[in-house]
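> Below is the structure I would like to discuss, written out as structure tokens.
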Amino acid sequence: MENNTALVIMAAGMGSRYGGLKQIDPVGPNGEIIMEYSIYDAIRAGFNKVVFIIKKEIEDTFREVIGKKIEGIIDVEYVYQKVDNLPQGFSVPDGRVKPWGTGHAVLSAKDAVKTPFAVINADDFYGAETHRLLKGFLTNNQDADNKYKYCMVGFVIENTLTENGHVARGVCNVDSQGNLIDIHERTKIVKFGNETKYTEDDTNWIKIPEKSIVSMNTWGFNPSILHELEDRFPDFLRKNKENILKAEYFLPTVVDDLIKEGKADVKVLSTADKWYGVTYKEDKPIVKKSISDMVSGHKYPNRLWENIK
């Protein structure tokens, strides 16, 4: 039996808080970008295809910076997240520029993905264990018993914060068997000394319990999720008419709905690894130093693609 698995990388975000195309900003000792380390870890874990979700406008730059390095090592496909990729009967509202969120991003890859697949962000560094956990789950868990079988890699919230501003995270409730009960997208989380708090209105700050598990948009899915994303998108557009210029079709929200409807079991695979990312320009020196330390500690080779098979 073949164990084909794809790594789907969401790289179409506009990088507004960061101020540029952070997906292709070099952080490694020889100009490597963050997602190269994710792809390297995924190949080592046994993934055999990479699907990049990008904006059409950055395709040439993207192929130059990353595509050419890996096209001879792993199967690569590019798909485009376009704001006008909408269901029949819908059109782009005047003033809507931003893509429709992470659920729409993954939906953009539906023709490129026919196997179990993992989803990650382009600008987040997750560590090798994350990709091993995802590959292990996807190899051994097909949809069964009228239930979708999905997974999520859960990070301890304190390992995912930046000193340089707010972050968005999906805060998770997990049962004693390690299954996801529900997930709440918190779009403004800030570190206050030893405490972590979020706000929905910029006035009231609510404490998040210590060592809470959060989603970093690190998912493992069977292809059934693509049908669900497609089926639910028109309803999302109808329900968000009043906020249609800013509304986002969040992947975690769809997963949360599937759990509540009894359609999906989502296993939370916990990791103690620290997340690194470049939400803000001020984060970049920290990421560069961390990767440099990992290279010095022989977790990664100095030249990432020199000897990989």
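The values are calculated or read from the model by the stated rules, or taken from the named source; none is laboratory data. Everything quoted here is computed from the prediction, not taken from an experiment. Quick reminder, even Gly has a Cβ in these numbers, built from the backbone with ideal geometry, and neighbours come from all protein chains shown.
> Just checking, which of Lys69, Lys82 is surrounded by 14 or more Cβ atoms within 10 Å (Cβ to Cβ) and part of a helix (DSSP H, G or I)?
Just a single option satisfies the conditions, and that option is Lys69.
> For Gly154, work out the one condition from (1) more than 15 Å from the chain's Cα centre (by Cα); (2) part of a strand (DSSP E or B) it doesn't fulfil.
All conditions are met except number (1).
> Further, regarding this structure: Quick one: is Lys135 among the basic types (Lys, Arg), touching a residue at least 60 places away in the same chain (Cβ under 8 Å) and within 13 Å of Ile39 (Cα to Cα)?
Yes, satisfied.
> Next question. Specify the residue that is modelled with the lowest pLDDT; the eligible residues are those in the range 14-28 that are buried (at least 23 other Cβ atoms within 10 Å of the Cβ) and not basic (Lys, Arg).
Pass one, the range 14-28, residues buried (at least 23 other Cβ atoms within 10 Å of the Cβ): 22-23, 27.
Add one more test, that the residue is not basic (Lys, Arg), and what stays is 23, 27.
Working: Gln23: 58, Val27: 89.
It comes out as Gln23.
> Got a number for residues in the range 254-274 being closer than 19 Å to Leu138 by Cβ and of a type outside the set (A, V, I, L, M)? Let's see the steps before the verdict.
Looking only at the range 254-274, we keep the residues that are closer than 19 Å to Leu138 by Cβ, and these are 254-255, 258-259, 263-271, 273.
So of that shortlist, the ones also of a type outside the set (A, V, I, L, M) come out as 263, 265, 267, 270-271, 273.
Residues in the range 254-274 being closer than 19 Å to Leu138 by Cβ and of a type outside the set (A, V, I, L, M): 6 in total.
> Additional query: In the range 206-231, what residues are surrounded by fewer than 17 Cβ atoms within 10 Å (Cβ to Cβ) and in a strand (DSSP E or B)?
Passing the criteria: Ile206, Lys207.
> Related question: Between a first residue in the range 189-200 that is over 13 Å from Thr160 (Cβ atoms) and a second residue that is not in a strand (DSSP E or B), which pairs have beta carbons less than 8 Å apart while being 6 or more apart in sequence or on different chains?
none
> Right, here's the next one. Looking at the range 254-308 only, could you name the residues that are surrounded by fewer than 19 Cβ atoms within 10 Å (Cβ to Cβ), touching a Lys or Arg at 6+ places or on another chain (Cβ under 9 Å) and β-branched (Val, Ile, Thr)?
Once the filter is applied, which keeps residues that are surrounded by fewer than 19 Cβ atoms within 10 Å (Cβ to Cβ), touching a Lys or Arg at 6+ places or on another chain (Cβ under 9 Å) and β-branched (Val, Ile, Thr), the range 254-308 yields only Ile308.
> Report yes if some residue within the range 249-259 is part of a loop (DSSP other than H, G, I, E, B), under 23 Å from His166 (Cβ atoms) and hydrophobic (A, V, I, L, M, F, W, C); otherwise report no.
Checked the range 249-259: at least one residue is part of a loop (DSSP other than H, G, I, E, B), under 23 Å from His166 (Cβ atoms) and hydrophobic (A, V, I, L, M, F, W, C).
> Are there any pairs, at least 6 apart or on different chains, whose C-beta atoms fall under 9 Å, with the first in the range 251-270 and under 21 Å from Ser108 (Cβ atoms) and the second assigned to a loop (DSSP other than H, G, I, E, B) and at pLDDT 95 or above, and if so, which?
The qualifying pairs are Asp257/Lys263.
> Between a first residue in the range 66-81 that is touching a residue at least 24 places away in the same chain (Cβ under 8 Å) and over 29 Å from Arg96 (Cβ atoms) and a second residue that is of a type in the set (Val, Ile, Thr) and in a strand (DSSP E or B), which pairs have beta carbons less than 7 Å apart while being 6 or more apart in sequence or on different chains?
Pairs that qualify, where the first residue is touching a residue at least 24 places away in the same chain (Cβ under 8 Å) and over 29 Å from Arg96 (Cβ atoms) and the partner is of a type in the set (Val, Ile, Thr) and in a strand (DSSP E or B), are Ile70/Val50; Ile70/Val76; Ile74/Val50; Val76/Val50.
> Something else now. Pairs needed: first member in the range 275-291, within 17 Å of Ile120 (Cβ to Cβ); second member anywhere, hydrophobic (A, V, I, L, M, F, W, C) and part of a helix (DSSP H, G or I); C-beta distance under 6 Å; at least 6 residues apart or different chains.
What qualifies is Tyr276/Val287; Val278/Val287.
> Turning to a different aspect of this structure: Hey, can you tell me all the residues within the range 98-114 that are touching a residue at least 40 places away in the same chain (Cβ under 8 Å) and either out of contact with any strand residue (DSSP E or B) (no Cβ under 6 Å at 6 or more places or on another chain) or outside any loop (DSSP other than H, G, I, E, B) (or both)?
Those that are touching a residue at least 40 places away in the same chain (Cβ under 8 Å) and either out of contact with any strand residue (DSSP E or B) (no Cβ under 6 Å at 6 or more places or on another chain) or outside any loop (DSSP other than H, G, I, E, B) (or both): Lys98, Pro99, Trp100, Gly101, Thr102, Gly103, His104, Ala105, Val106, Leu107, Lys110, Lys114.
> I want to confirm something. Restricting to the range 236-247 and keeping residues that are within 23 Å of the chain's Cα centre (by Cα) and part of a helix (DSSP H, G or I), which single residue is nearest to Asp84 (Cα to Cα)?
Looking at the filtered set, the residue picked out is Leu237.
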